[in-house]
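The values are calculated or read from the model by the stated rules, or taken from the named source; none is laboratory data. Because the structure is predicted, anything quoted here is derived from the model rather than measured. Every residue, glycine as well, gets a Cβ built from its backbone with ideal geometry; the counts of neighbours run over all protein chains shown. Heavy atoms of the whole protein, side chains included, go into the accessibility calculation; ligands, DNA and RNA do not. Shrake-Rupley method; radii C 1.70, N 1.55, O 1.52, S 1.80 Å.
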Amino acid sequence: MRLVTPGDSAPASVNRYLLPHENQVITVRRHPAVLMQPVALVLGGLIIAGFLSNTMAGTAGSAVSWIWWAWLILLAWFVWKVAEWSVDYFVITNQRMILTTGLITRKVAMMPLTKVTDMGFQRSITGRILGYGEFVLESAGQEQALRTVDYLPYPEQLYLEVCEMIFPNKNPSDD
């Protein structure tokens, strides 16, 4: 099962990094679990701000407003993290793997499929429960820009698709 059907196009933010002769095979956004820590911090901050507001309501009015301003800054940070997540993509073409990240400072890491000598994936317990994993890529003794890609959805399916591209069936009659 393909994660992107032929004819689908990569998002415009990614499409500009594809070469004219490249065919996009798989495009995925990182799993929303990447936002677990920011969500926990915002909710924890909201609980703490609410608790402190209740306990300090009559005694220190200006301190309460500072507490809520601090929480609003935390909320703005959370919105920034969500915006960053929304533009991060992992793209696999017929020739290379590309990871694009960043909202203002755009970072593009890539590795040609021909350079991949070993590829594995890891899944933590949380990853198994929520459905994400991490790819670990190795090349022949060279330092590459793309070594690990974390929070990938559908890791088993993605792993099999990429392995099929890296190590194609030499005997098509065996299908």
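Do we have residue 56 as touching a residue at least 12 places away in the same chain (Cβ under 8 Å) and either under 14 Å from the mean Cα position of the chain (by Cα) or under 30 Å from residue 46 (Cα atoms) (or both) here? Taking the combined requirement at face value, the residue does not satisfy it. Pairs linking a residue in region 113-141 that is more than 18 Å from residue 160 (Cα to Cα) to a residue that is open to solvent by 20 Å² or more (accessible area, probe 1.4 Å), with Cβ atoms under 6 Å and 6 or more positions apart or on different chains, are 139/115; 139/117; 140/117.
In region 17-36, the residue that is nearest to the chain's Cα centre (by Cα) out of those that are part of a strand (DSSP E or B) and not charged (D, E, K, R) is 28.
The set of residues from region 42-58 being at pLDDT 90 or above and surrounded by fewer than 15 Cβ atoms within 10 Å (Cβ to Cβ) comprises 43, 44, 46, 47, 48, 50, 51. The residue that is nearest to residue 137 (Cα to Cα), counting only those in region 59-79 that are open to solvent by less than 80 Å² (accessible area, probe 1.4 Å) and in contact (Cβ under 8 Å) with a residue 12 or more places away in the chain, is 78.
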